1. Taking into account only those residues within segment A:439-463 that are touching a strand residue (DSSP E or B) at 6+ places or on another chain (Cβ under 9 Å) and touching a residue at least 60 places away in the same chain (Cβ under 8 Å), which is farthest from residue A:786 (Cα to Cα)?
2. Among the residues of segment A:193-203, which ones are at the interface with chain B (Cβ under 7 Å from one of its Cβ atoms) and in a loop (DSSP other than H, G, I, E, B)?
3. Go through the residues of segment A:121-132 one by one and say whether even a single one is touching a strand residue (DSSP E or B) at 6+ places or on another chain (Cβ under 9 Å), assigned to a loop (DSSP other than H, G, I, E, B) and in contact (Cβ under 8 Å) with a residue 12 or more places away in the chain.
4. Confirm whether residue A:88 is in contact with a strand residue (DSSP E or B) (Cβ under 6 Å, 6 or more places away or on another chain), buried (at least 16 other Cβ atoms within 10 Å of the Cβ) and not assigned by TED's automatic domain parsing to the domain that holds residue A:225.
5. Considering only residues that are surrounded by 22 or more Cβ atoms within 10 Å (Cβ to Cβ) and more than 26 Å from residue A:267 (Cβ to Cβ), which ones fall in segment A:162-177?
6. Between A:764, A:757, A:794, which is assigned to a strand (DSSP E or B) and at pLDDT 90 or above?
7. Any idea which residue in segment B:40-62 is nearest to the other protein chains (Cβ to nearest Cβ), counting only those that are over 20 Å from residue A:168 (Cα atoms) and surrounded by fewer than 19 Cβ atoms within 10 Å (Cβ to Cβ)?
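The values are calculated or read from the model by the stated rules, or taken from the named source; none is laboratory data. This one's a predicted model, so the numbers in the text were calculated from it and none came from an experiment. Here the Cβ is made from the backbone with ideal geometry for all residues, glycine too, and neighbour counts use every protein chain on show.
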């Protein structure tokens, strides 16, 4: 509006006076925020620093003088201006606050004694601090049906609502799921969903956390505890690899609630509902609480029904179980021991098992991934970008699965960045995703062909090539489907790094601490500290001594070797290959072909049910240490509750096994392992220690340059077939969902989804059950039309509850082509 | 897509095309929906949400804000009797009582034949003509008991159909702007610093003091 700024540089700060004290505020900063930074708290209900201001509640009225005399203004709506004088404690301000609270309480039921929010309620607290003490209103309050479920997870009590617009704003602005809105008007205004359309957002739990009254309550926490009875520790969520900062709260030694903690670099205070409500699995009655030994050998379970996997086992004690494991280790042929998994634990767990495998078990057959990620050298070695960098790059290229389903809070961050215009999203995917509508450009491709699409774009005269060449580029790279080989995704990295050498990568690994496990060397040919075994760093070589010479097998190799009887002892470290390994036939052959299967796990998963010895593991919330998110950020996880029975952390099991094998890993506490990691991993030297801040620290880059696989052209598609794409859903067939009471019922249905034109070619109505055949096997599933699927693809959920989608997948094939048959008859086996 | 008739769906797309953002067409489409069914059904809201690329909840939020979008069936004729000051002084309460008796429903109700919905309304800005009422928002002035009976008879007989269309119909003749003459709207992101309708002289800002 003004051209006065033309001649002079804009001032970097704005001087304002708040309660008589001069404060340097940022230009454009809101008065409420400037005051907050200066240590002056202005009461508020609707204002939230991560959302736009709306001035709904009027609680933040303060006297602001901009030269025309003091006026009562909403400090969440007024940006600072030079020489502004603010008084947050004047008599007029106080009268205004009293008046606003009296108005807000007109219809509030004051049922604090039975309200979950009581004790931590901003309305309660601010009424005590700023309220008038009594009300002049004697009229009847408005009444609504007491809490109505607006989704499976969230209940709404409209009587308590003060219409601050926080939840509705969050649903619209942040989550992008405007499924709740103000309806009616005037005295009837209320938040509601559309009839029959519940608030089934993946982020609905955040509205409960930011609700300044008890209007929104979370079904899993309702009437569970009182805030003043809660014990709390700050931790880092390990449900997926985003690593959101959380406050873990327990009551009577049971986890009852997770709250998002606002840290700038990662989650901005938000959580997804899976992370927030997954704690139910920790106290699940199905936990393994004592070591188990199989009464009958694996593979002979025919006389036992599926729903009673525990009947195969008899409980034993740790001495017996570990003795049996040690005996199996001693009896194993050299190089015939393998470790699968390790992505579920802490960095310390991963380090201990990595050290146990290399120095005691003398094996390099270790893999924390189940052929569902990138090759470890690339995952660790690609030039890394942080989430913040992905949110501020000139172009962020998405070549990964649907982030809303896989890494929900990363989805929120990127969505927010795209909306704010701080980055441009370009997507290449086999389906539309949660971010498609926020992308400036979305290219669809057939499964496994992202690399060739990208190559055509970058080598042709497409403007994208110029855009990528001239600006900063972050590539969010992940497996968009496990039915195509990891090489298909690795090839994307090759294509980009050859043409856009300054591009950096954010590897969209899924599993909680998979990045930490890889960083700790739980992959063949890798060592702790993001190093290759081929050139061990001197610190590590001196600490670990001689290392296994040959490079070991990855997960596919381990299972293949086990299937042919070459593995005598197979450790499953929280791994469930029968569910999670893409090729379920190979997984089954591998697990049954291994000599002794030792499962270190907290649940009897499909694979654990086939084990010979089960060692109960402590889980998140029951152990401390550090974890590493997909950026390589190391942050602390806290211990709050006691593990059930005699379950113990993975690292402790490793240490005891080492002792039984006659060697000492050299640590007896988590702190000692953390110290050892800091000592032997130059990448982590400054990153981890007892005083890790909430933000965590991004460990430094890999000690090697990754070798990019050669580019190759994807195989031609069988003209009669469709390309199988295994997409992920947030609520899938995994243990986290199935064992958490709040989430179990939300698991997605397993259907085949194809483009409507492809469905027409199949020649059946949407919803018809069809047979899908691959080279490997066949399944009978309903098929439905979905315009979001690229032509030529057929999309199915993986892992699926109760459906063995992996039966269609061959781990050695680059892609999985399938054909749909519509003839009736018996379901194929 | 099951609610809109073929003709109205074409109209909906034409209306959507007038705006740089699809969502802006929400209220015009609610009018089309109300014109088609006489009230705004849930199916209509779901379909409008799909058409303007938002959620049904947002359509409900907008729709329910406006009193004149009816979310329950109303009769062919919505009779709003003013109950505010001037009309009240001039006998609106008596008129309402008579209307209730004549139609056999209480204020707010609809006659079983689906012809009339009787409602009490706030000031209709015709105080000099009190007591007044509106039938589908068409005025009737200085209405007494006999006048009301006559009105009801005429409406029921279809004698006023030319003047008073069924509830929900906003206009019988719809203006269509030929594509060649449409000015089109400037999308907000294309708007420069100044509002587009303000001329900006060289170096001098037209907006506000500097």
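1. A:451
2. Result: A:195, single match.
3. no
4. On the way: in contact with a strand residue (DSSP E or B) (Cβ under 6 Å, 6 or more places away or on another chain): yes; buried (at least 16 other Cβ atoms within 10 Å of the Cβ): yes; not assigned by TED's automatic domain parsing to the domain that holds residue A:225: yes.
Yes.
5. Selection gives A:162 alone.
6. After applying the criteria, what remains is A:794.
7. B:42
One line per residue, one yes/no per condition, for (1) under 14 Å from residue B:61 (Cβ atoms); (2) modelled with pLDDT of 95 or more:
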| site | (1), (2) |
| --- | --- |
| A:132 | no, no |
| A:155 | no, yes |
| A:161 | no, yes |
| A:173 | no, yes |
| A:179 | yes, yes |
| A:185 | yes, no |
| A:194 | yes, yes |
| A:204 | no, yes |
